[in-house]
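First up is the structure itself, then whatever we jot down about it.
The values are calculated or read from the model by the stated rules, or taken from the named source; none is laboratory data. Everything numeric in this text was worked out from a predicted model, so none of it was measured. Cβ coordinates were reconstructed from backbone atoms using ideal geometry, including for glycine residues, and neighbour counts include every protein chain displayed. Each accessible area value is taken on the protein alone, full model and side chains, heavy atoms only, with ligands, DNA and RNA left out. Shrake-Rupley method; radii C 1.70, N 1.55, O 1.52, S 1.80 Å.
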Amino acid sequence: MDPTNNPKKMFLEIVKQLRQLIAEENVSVGGKLPSERELAERLQVGRSTVREALRSLELLGLIETRRGEGTFLSDYRKHRLVEVLSTFILQESKSKEDVHITRHALEKDAIYTISNSKRLYELHIWDAFKEKLMVEEIIREDIIREIIIISNNRLGLKIWFLLKQFAGEPYQEIMILEEKSLWIQLLTAMQNGEEHQAISLYNEWLLLINRGDV
């Protein structure tokens, strides 16, 4: 079937081409997209078709149109789509449990990856984190996010951000003293390449924050 005769396929094709264009021109968050007219010319489709695709992406919070200025790329992590979907998708306890399991798997994989890479576990950032844990207030999410970033799993990081929003767990809370102690031990285990010990300490930390008294 010719995709031009199928509105759904036409829309998906335009979205795909827009994504390629954004990647090719290295448009970052907050960056301006080409005008509607220019997009229609470059994608070789009608302006009304481009307009509908842009409108849909804006409703999803992926782009932002500013009157008199143009269309700009939004930060996908800040849009409310995840919260809207969660009201429909995550009504069953099993679905919520799957979200937790998947997110924890990504976090454990990042810890395992770093613990098995001399280049990664010898980075000075781990000593810096341990020093901060001893003297500063630390948000739980900050360390987890850095671990996944440093593990260099870009897709995993994007999925993790979305799952974190679904999960609704207290990752935005400040670590208490008992948590800090666990994380200093965990980071030390990673630095020593002791992946099993690091994962064990991570599991202990999960039990602690899920007790409901921290």
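Among the residues of segment 13-52, those identified as farther than 15 Å from residue 73 by Cβ and of a type in the set (Gly, Ala, Ser) are 40, 46, 48. Considering only residues in segment 116-132 that are open to solvent by less than 50 Å² (accessible area, probe 1.4 Å) and in contact (Cβ under 8 Å) with a residue 12 or more places away in the chain, the one that is nearest to residue 177 (Cα to Cα) turns out to be 130. Need the failing condition index for residue 34 against (1) surrounded by fewer than 13 Cβ atoms within 10 Å (Cβ to Cβ); (2) in a loop (DSSP other than H, G, I, E, B), just the number. Result: residue 34 passes all but (1). Any residue at all in segment 170-189 that's within 30 Å of residue 61 (Cα to Cα), of a type outside the set (A, V, I, L, M, F, W, C) and open to solvent by less than 40 Å² (accessible area, probe 1.4 Å)? Checked segment 170-189: at least one residue is within 30 Å of residue 61 (Cα to Cα), of a type outside the set (A, V, I, L, M, F, W, C) and open to solvent by less than 40 Å² (accessible area, probe 1.4 Å).
The single condition among (1) at pLDDT below 95; (2) within 23 Å of residue 100 (Cα to Cα); (3) surrounded by fewer than 15 Cβ atoms within 10 Å (Cβ to Cβ) that residue 135 does not meet is (2). If only residues of segment 138-190 that are of a type in the set (S, T, N, Q) and within 18 Å of the chain's Cα centre (by Cα) are counted, the one that is nearest to residue 96 (Cα to Cα) is 165. Of all the numbered requirements in (1) touching an Asp or Glu at 6+ places or on another chain (Cβ under 7 Å); (2) among the small types (Gly, Ala, Ser); (3) modelled with pLDDT under 95, residue 212 misses one, and that requirement is (1). If you take the residues of segment 91-115 that are open to solvent by less than 70 Å² (accessible area, probe 1.4 Å) and hydroxyl-bearing (Ser, Thr, Tyr), which of them is nearest to the chain's Cα centre (by Cα)? The qualifying residue nearest to the chain's Cα centre (by Cα) is 102.
Considered as a group, the residues in segment 46-80 that are modelled with pLDDT of 85 or more and within 13 Å of residue 27 (Cβ to Cβ) include one that is surrounded by the fewest Cβ atoms within 10 Å (Cβ to Cβ), and that residue is 70.
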